[in-house]
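Throughout, read-outs are computed from the coordinates displayed, never taken from laboratory work. Fair warning: this is a prediction, and the values are worked out from it, not measured in the lab. Cβ sites come from the backbone with ideal geometry, for glycine too, and all protein chains shown count toward neighbours.
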Amino acid sequence: AVLKKRLVKLVVNFLFYFRTDESEPIGALLLEHCRITKEEENVFSISFVEEPERKYCFECDSEEQCREWVEALKRASYEFMRRSLIFYRNEIQKMTGKDPLEQYGISEEARFQLGTQKP
């Protein structure tokens, strides 16, 4: 394995990476269907479900920084955000008796295909 020093920037569900002396990214990883794993004290990896041999390792300056990156990356996927929205929507509806998305005119069929049962 070849180690390269890169700067990274997380934007929604993309992890952009840059050479240390350039302002334009040289690539990006789409954080969908991937596994974020803490490997060692300051190291975590990103591997992809459909391509397990495709694995990227990242070394941080500290264990705390590594833990923060792992948590941020785990929350970055569309699927995580979708599940969170569904959970909070249901919690608000339980507390208020009203669907918080109703005011936005979102139809029942388009509501993230919740698969919840009606009482």
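Ordering Q65, P100, L15 by the projection of their Cα atoms onto the charge dipole of the chain, which places +1 on the Cβ of Lys and Arg and -1 on the Cβ of Asp and Glu, puts P100 at the extreme positive end.
Summing charges over all other residues whose Cβ lies under 12 Å from the Cβ of P25, with Lys and Arg as +1 and Asp and Glu as -1, gives +1. Pairs of Lys residues in the chain are counted when their Cα atoms are under 22 angstrom apart and they lie 8 or more places apart or on different chains; the count is 12. Helical content of the chain, expressed as a calculated mean residue ellipticity at 222 nm, amounts to -8500 deg cm²/dmol (DSSP H runs of 4 or more residues, -39,500 (n - 2.57) each, divided by residue number, nearest 500). For the Cα atoms of the chain, what angle does the longest principal axis make with the long axis of helix 63-74, in degrees from 0 to 90, nearest 10? Taking Cα atoms only, the helix is inclined about 40 degrees. Give the Debye-formula value of log10 I(q)/I(0) at each listed q (0.12, 0.15, 0.18 Å⁻¹), with one equal scatterer per alpha carbon of segment 7-79, two decimals each. Here the Debye-derived log intensity ratios amount to -0.31, -0.48, -0.70.
Checking Cβ-Cβ separations below 4.7 Å across the chain identifies C34, C57 as cysteines lacking any candidate disulfide partner. The C-alpha atoms of the chain define a longest principal axis, and helix 78-96 lies at about 30 degrees to it. The local environment of S47, defined by Cβ-Cβ distances under 9 Å, has a net charge of +1 under the rule Lys, Arg +1 and Asp, Glu -1.
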